[in-house]
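The values are calculated or read from the model by the stated rules, or taken from the named source; none is laboratory data. Predicted, not measured: the structure shown is a model, and the values here were computed from it. Every residue, glycine as well, gets a Cβ built from its backbone with ideal geometry; the counts of neighbours run over all protein chains shown.
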């Protein structure tokens, strides 16, 4: 069994302005890059010359570009659609408050089992965990012993934590993953080490 350590640097994208609390999911709006101090701190903290992967959605691409502009030398990024946010299907673009007031039985079923129930036309969080696990396993094998910066989404990072900690889907949903937050996971052989979630980056 290999003892090489593959260091995952999970970065959630910058915040997406959303005063109406709409469900974003796979929608592709731009993000707010006004927190220049935080972006500069991340540029100092993240490892140079790492493998870089992003989900392919605009908010991740913009975040990575802003950190690179703040001084982080990065290689051209790999686009991994498997790291995209959960697909909320027909609910994307709608407000949670609106859905709750609709008395739709599908909404009630979702809240009874938010990890196992797929929104109409979308996917469940359990399905997110499966695709993210497969992607992480493949990339860890491909880039064993390297640093990997992954610019992704809250749901993606919860799925990564579930893999590292062997959590149930319901338990993984309890994590809060802040915008522009850093989560550090190390793959060691067949196991994982969690270095931190929502880490301070020395602003």
Residue 21: passes all of (1) within 27 Å of residue 195 (Cα to Cα); (2) surrounded by fewer than 20 Cβ atoms within 10 Å (Cβ to Cβ) but (1)
Scanning the range 13-23 for residues that are free of Cβ contacts under 8 Å to residues at least 40 places away in the same chain and either in contact with a helix residue (DSSP H, G or I) (Cβ under 7 Å, 6 or more places away or on another chain) or more than 14 Å from residue 179 (Cα to Cα) (or both) gives 19
Counting only residues in the range 107-126 that are without any contact (Cβ under 8 Å) to a residue 24 or more places away in the chain and in a helix (DSSP H, G or I), the one surrounded by the most Cβ atoms within 10 Å (Cβ to Cβ) is identified as 110
Check your understanding: Does residue 132 fit the bill of being buried (at least 16 other Cβ atoms within 10 Å of the Cβ) and either in contact with a helix residue (DSSP H, G or I) (Cβ under 6 Å, 6 or more places away or on another chain) or touching a residue at least 12 places away in the same chain (Cβ under 8 Å) (or both)?
Key -> yes
Going through the range 136-159 in order, the residues found to be over 22 Å from residue 89 (Cα atoms) and touching a residue at least 24 places away in the same chain (Cβ under 8 Å) are 136, 139, 140, 143, 144, 145, 146, 147, 148, 149, 150, 151
Residue check: is residue 180 part of a loop (DSSP other than H, G, I, E, B), modelled with pLDDT of 95 or more and buried (at least 19 other Cβ atoms within 10 Å of the Cβ)? yes
Of (1) surrounded by 17 or more Cβ atoms within 10 Å (Cβ to Cβ); (2) in contact (Cβ under 8 Å) with a residue 40 or more places away in the chain; (3) in a helix (DSSP H, G or I), residue 164 fails just (2)
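For (1) touching a residue at least 60 places away in the same chain (Cβ under 8 Å); (2) outside any loop (DSSP other than H, G, I, E, B); (3) at negative phi, each residue gets a yes or a no:
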residue	(1), (2), (3)
3	yes, no, yes
7	yes, yes, yes
25	yes, no, no
28	no, no, yes
52	yes, yes, yes
56	no, no, no
87	yes, no, yes
